[in-house]
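One structure is given below, encoded as structure tokens.
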Amino acid sequence: MALSPCVNRFYRDLSNEWNKNQGLQSLCESMCCQFIDSFNAVQLTLLVSHQSEWKLLLDMNTTQVQYHYPPINIDQNIDIPFYLINQAMRANKPNLVDEGKTQRLWLPLERKARSLGCLVIDLKTNEHLLADDFHILSALLASELDGRLLNETAHDEYSSRRNVENELFNSQNQQRALLEQLQALHDLSSMLSRAENMTSLLRCAVEDGKRMLHIDRMGVLLFNDEAKEVQGSFGTDVRGETIDERYFSSPLTNHPLAQKTLEEKQFLLFQEDVPLYQDMSPVGFGWNGYVALWNDKTLLGWIAVDNLVSGAPLQGYHKQILKQFGATLSQHMVRRAAEDALLSLNQQLEQRVEERTKQLELANTELERLSKEDPLTAVANRRVFDDVLQEEWRRAERHQLPLSLLIIDIDFFKRYNDTYGHQQGDQCLIKVAHALKQCERRAGALFARLGGEEFAYILPGCDQSAAHYAAQKMVEAVQNLGLPHPDGSLKVTVSIGVATMTPQRNQKSQELYVMADTALYRAKTQGRNQACEAIRVSA
């Protein structure tokens with residue numbers, strides 16, 4: 001039936017705009033403009049199937065066009081009852097209904113027997129329109145949604161995966177820094193164990209401690225319990241140089257942070273944005289801390305630290321590192337217990353290094369697995385399929401060997417989902433995938449899920465006869481599962497398209513894919529539950 005001039009003009013203008021647009025959003029917005037210009041549309045609503053739910057992708061009224069990506073829930077965002085939308089999608093054909101002063105066009109969107117969405121438009125036009133005028137638009141929009149929405153979803157998954165990779169990378173950097181600090185603490189402990197006397201021990205603790213643990217200034221203060229005084233040993237001047245401070249002595253009351261560690265039996269206390277001192281005189285502002293040196297219940301002294309020289313902030317791992325350093329130094333100061341403390345510390349460090357290493361290895365292994373595996377069926381995903389198909393195509397071309405491709409689709413799967421629900425549908429996919437995977441074990445064969453209810457087999461070095469035989473086994477394997485189908489006497493079955501090529505120069509792997517997909521279509525149209533071979537075409 002010929003289209004009216006206004007409808008022809010609508011399709012012509014829409015086609016011109018779509019040829020210019022690259023993204024799904026601009027495509028949808030140009031469609032709204034064409035409906036307004038051609039038929040005086042006053043409202044447009046586009047629902048799509050996204051992540052197994054019906055959601056709102058586009059809505060337009062007389063004042064604005066709103067594009068939602070990711071699509072949003074429809075509960076509070078549209079005025080159209082969902083049961084009417086559901087009726088339109090079940091009818092599976094355009095419908096035009098008079099609504100008083102307007103006409104409402106219902107346009108179900110379906111591709112490859114899969115419902116993609118529904119477009120609802122309210123029109124205030126004087127043109128005589130027929131529902132069948134928009135069959136072409138239904139097919140075009142379904143095709144665009146199928147491709148472009150899938151691309152945007154894939155892009156989002158890629159971005160999400162990149163964010164996970166970045167988070168893992170940052171976590172690895174933090175863990176690496178912690179491991180380096182733990183290793184430095186280990187080395188420092190060994191150096192302290194080789195000190196010949198208390199003086200060299202304390203000098204080593206300050207000189208090498210601040211360098212290896214990345215602390216601006218450090219000093220070891222000793223506690224005189226009888227005199228209630230703080231006495232110096234070795235410390236750091238305002239330039240960060242190690243100096244002998246054994247001359248220094250002051251009452252404990254002049255060191256409130258140190259006194260607090262004693263009163264509350266604390267190991268370490270820190271303050272932010274406070275005055276920093278040298279010989280009890282203020283020399284700047286920053287953070288400072290006291291790490292208590294305990295021998296059981298006896299206080300030996302403190303490690304005083306601050307950031308006067310660089311002003312660098314306190315790192316998250318520093319407190320724990322300094323706390324361990326204080327414990328190590330305490331034990332070394334108690335010479336007899338030094339070796340036991342060192343052995344325990346080394347064992348802890350080695351265990352933590354091993355745990356961090358195992359965590360990194362497991363995280364990397366898991367990330368690699370997730371990037372290649374379909375999360376529902378645990379078989380190879382579309383990304384792996386695309387890569388392997390290209391690789392096997394090049395190998396077959398180089399050695400002039402046949403390459404076979406099987407595309408497998410579960411028959412009437414939408415009806416199965418509608419009857420039993422998506423959870424039962426997922427179980428069906430898992431069982432079918434497991435049965436198909438067991439059918440072919442030859443070297444180099446790859447079984448993958450392409451998406452939805454569609455799977456594929458890549459069979460390198462397999463001629464057409466062998467490929468057809470393998471496909472027949474797969475049809476029988478799914479039949480033997482005996483999974484009940486909502487059609488009563490039927491069981492869940494599959495249709496398979498089989499294609500075989502020996503790649504020649506200038507041919508592309510896409511040709512093999514198209515041949516298999518066309519053969520799958522023939523299997524569907526010839527009654528399903530069968531395998532059909534691609535029609536041979538001379539090169």
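The values are calculated or read from the model by the stated rules, or taken from the named source; none is laboratory data. Nothing here was measured: the structure is a model prediction, and the numbers come from that model. All Cβ positions, glycine included, derive from the backbone under ideal geometry; neighbour counts span all protein chains shown. Keep in mind that these areas ignore ligands, DNA and RNA; they rest on the heavy atoms of the full protein, side chains included. Shrake-Rupley method; radii C 1.70, N 1.55, O 1.52, S 1.80 Å.
Of everything listed in (1) out of contact with any Gly (no Cβ under 8 Å at 6 or more places or on another chain); (2) in a strand (DSSP E or B); (3) β-branched (Val, Ile, Thr), the single unmet condition for Val48 is (1).
Residues in region 467-497 that are assigned to a strand (DSSP E or B), within 34 Å of the chain's Cα centre (by Cα) and not polar (S, T, N, Q): 3 in all. Quick one: how many residues across region 54-76 are modelled with pLDDT of 85 or more and among the acidic types (Asp, Glu)? Total meeting the criteria: 1. Scanning for something modelled with pLDDT under 90, of a type in the set (D, E, K, R) and either open to solvent by 20 Å² or more (accessible area, probe 1.4 Å) or closer than 29 Å to Gly311 by Cβ (or both), does region 173-185 turn up at least one residue? Yes. Within region 370-397, being over 12 Å from Pro460 (Cβ atoms) and not in a loop (DSSP other than H, G, I, E, B) holds for Leu370, Ser371, Lys372, Glu373, Ala380, Arg382, Arg383, Val384, Phe385, Asp386, Asp387, Gln390.
Would you confirm whether or not region 191-201 contains a residue that is open to solvent by 10 Å² or more (accessible area, probe 1.4 Å), in contact (Cβ under 8 Å) with a residue 60 or more places away in the chain and part of a loop (DSSP other than H, G, I, E, B)? Yes: one or more hits. Of all residues in region 5-35, those satisfying the criterion of being of a type in the set (S, T, N, Q), open to solvent by 30 Å² or more (accessible area, probe 1.4 Å) and either outside any loop (DSSP other than H, G, I, E, B) or in contact (Cβ under 8 Å) with a residue 60 or more places away in the chain (or both) are Asn8, Ser15, Asn16, Asn19, Gln25, Ser26. The set of residues in region 434-466 that are within 24 Å of the chain's Cα centre (by Cα), among the small types (Gly, Ala, Ser) and open to solvent by less than 30 Å² (accessible area, probe 1.4 Å) contains only Ala448. Only one of the listed residues (Thr357, Thr419) is open to solvent by 20 Å² or more (accessible area, probe 1.4 Å) and farther than 21 Å from Lys112 by Cα. That residue is Thr357.
Only a single criterion out of (1) out of contact with any Leu (no Cβ under 6 Å at 6 or more places or on another chain); (2) among the charged types (D, E, K, R); (3) assigned to a helix (DSSP H, G or I) is not satisfied by Arg356, namely (1).
Please verify whether Leu116 is under 35 Å from the mean Cα position of the chain (by Cα) and not acidic (Asp, Glu), treating the condition exactly as stated. For Leu116, the condition - under 35 Å from the mean Cα position of the chain (by Cα) and not acidic (Asp, Glu) - is met. Among the residues making up region 410-433, those that are touching a Ser or Thr at 6+ places or on another chain (Cβ under 8 Å) and of a type outside the set (Val, Ile, Thr) are Asp411, Lys414, His422, Leu429, Ala433. With a requirement of 3 or more residues that are over 25 Å from Glu180 (Cβ atoms) and out of contact with any Phe, Trp or Tyr (no Cβ under 8 Å at 6 or more places or on another chain), the strands (runs of 3 or more DSSP E) lying completely within region 221-324 that satisfy it span 249-251, 281-295.
Yes/no matrix, rows are residues, columns are (1) part of a helix (DSSP H, G or I); (2) not hydrophobic (A, V, I, L, M, F, W, C):
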site	(1), (2)
Glu368	yes, yes
Leu405	no, no
Gly425	yes, yes
His434	yes, yes
Arg441	no, yes
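Collect the residues in region 278-288 that are at pLDDT 90 or above and not polar (S, T, N, Q), keeping them in residue-number order. Hits for region 278-288 are Pro282, Val283, Gly284, Phe285, Gly286, Trp287. Residues in region 117-131 that are among the polar types (S, T, N, Q) and either without any contact (Cβ under 8 Å) to a residue 12 or more places away in the chain or open to solvent by less than 20 Å² (accessible area, probe 1.4 Å) (or both): Asn126 only. Picking from residues in region 388-413 that are out of contact with any helix residue (DSSP H, G or I) (no Cβ under 9 Å at 6 or more places or on another chain) and farther than 19 Å from Ala477 by Cβ, the one that is surrounded by the most Cβ atoms within 10 Å (Cβ to Cβ) is Ala396.
Limited to region 237-253, what total is found for residues that are under 17 Å from Leu293 (Cβ atoms) and either aromatic (Phe, Trp, Tyr) or open to solvent by less than 50 Å² (accessible area, probe 1.4 Å) (or both)?
Here the count works out to 3.
Of the residues making up region 135-163, just one is among the β-branched types (Val, Ile, Thr) and at pLDDT 70 or above, namely Ile136.
In this structure, Leu436 does not qualify as farther than 30 Å from Pro484 by Cα, at pLDDT 90 or above and touching a Phe, Trp or Tyr at 6+ places or on another chain (Cβ under 9 Å). Filtered by the rule that a residue be basic (Lys, Arg) and either open to solvent by less than 50 Å² (accessible area, probe 1.4 Å) or in contact (Cβ under 8 Å) with a residue 40 or more places away in the chain (or both), region 36-92 gives a lone residue, Lys55.
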